[in-house]
Amino acid sequence: MRIVLLGAPGSGKGTQSGLLVKTYGIPHISTGDLLREAVSKRTDLGLRAKSAMDAGKLVDDATVLGMIRERLSRPDAVNGFILDGFPRNIAQAEALEKMLEELGTPLDTVLLLNLDFGVLFKRLTGRRICETCGRVFNVYAAPGTLLHCDHCGDRARLIQRPDDKEEVIAKRLEVYEAQTKPLIKYYKTVGLLRIVDADADMDTVFANIRRAVQAPAGGSGGAAE
Ligand code: AMP
C-alpha cells in the first residue's frame, strides 16, 4: 500500500501514521522528521535546511527530493510506505509521480486529513513532545496535568518544537494554504483523493481513515478545497 497523507500542520498526520504503520506494516516516511534529524546531527543537508525550517518556510525542492529518492530506494519501502509531509507543493507531487512511474509503483491513495484552521492553531500551540521517546502530547487535552511523559517517567522533559511557536505557526499555515492546498485539486483530478474528517479523537479518525482506504476513489466532496 502506497499512501500519501495530506493535511495542514497539526492535522494529526504523525499520530495517524503511527497507527497505519501498525496496521499495514509499511514504513512511515516523514520529510519533517528526516529534516529534523539532519538538523540535530548537523549534516550539510541539515545546515542547509535549518533557516527555512526555523522561519516556517519550505526547504528547497532539490534538497527534499534528493532525500525522498534515497529513502524510497531502501528495501523497507519496497512493499509500500506512508508519506507524511511530502509532497508539499505541485512540483514535488509531479516529481514523485515521475519517480514512482519509473519504479512501476504508483500511489494507491491520497488521504486528506481535514480540519478547521482554528482547531489546527490550538493543536499546534498546545503540542509538546517527549524529549526522550518523541511521544506527542497536547496541553489543551490534559490541562494542568501535563508535567512529564507517562511513558518515560518524570525525568523526561516535554519540549515544544521551535516551529510550534505562535509566530512561526502562522507562517506554516500560510505556506500550507498557498503551496500545499493546491495538491487537493491535483489529486482529486487524478482520482486518488479521499477526504477524512480529522476533527475527532485519535481512534475515531483512524476508523475514518480505514473506511476511506476501503472506499472507492473519487467519492470525496469538494468542501476541503
Ligand atoms: P513538518 O514536520 O512536516 O511540519 O515539517 C517541518 C518543516 O520541515 C516544514 O515547516 C518545512 O520547513 C520542512 N519540510 C518538511 N517537509 C517538507 C517538504 N516536503 N518540502 C519542503 N519543506 C519541508
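Bear in mind that the values in this text are calculations on the coordinates, not laboratory data. Keep in mind it's a predicted model, so treat the numbers as computed, not measured. Cβ atoms come from the backbone with ideal geometry, glycine included; neighbour counts cover every protein chain shown.
A few notes on this one:
- Against the compact-protein benchmark of 2.2 N^0.38 Å, the Cα-based radius of gyration of region 40-137 scales to 1.26.
- In this simple spin-label approximation, Ile90 and Leu147 carry label points 7 Å from Cα along the Cα→Cβ vector, and these lie 5.3 nm apart.
- Relative pair counts by distance (%), Cα atoms of the chain, 10 Å bins: 7, 32, 39, 19, 2, 0
- Under 26 Å from the Cα of Lys98 - lysines, other chains or at least 8 residues apart: Lys13, Lys57, Lys181, Lys185, Lys188
- In region 158-202, the ratio of gyration radius to Kirkwood radius, Rg to Rh, stands at 1.11 when only Cα atoms are counted.
- For region 196-204, 3J(HN,Hα) per residue [Karplus equation, 6.51 cos²θ - 1.76 cosθ + 1.60, θ = phi - 60°, Hz, x = Gly/Pro]: 10, 6, 9, 9, 7, 5, 3, 6, 5
- For region 112-198, the Kirkwood hydrodynamic radius comes to 14.9 Å, computed from all pairs of different C-alpha atoms.
- Sum of -39500 (n - 2.57) over DSSP H runs of 4+, divided by residues of the chain (222 nm, nearest 500): -13500 deg cm²/dmol
- With the charge dipole of the chain set up from +1 on Lys and Arg Cβ and -1 on Asp and Glu Cβ about the Cα centre, the Cα lying farthest toward the positive end among the listed residues Ile26, Asn138, Ile90 is that of Asn138.
- Cα-based Kirkwood hydrodynamic radius, region 21-79, one decimal, Å: 12.4
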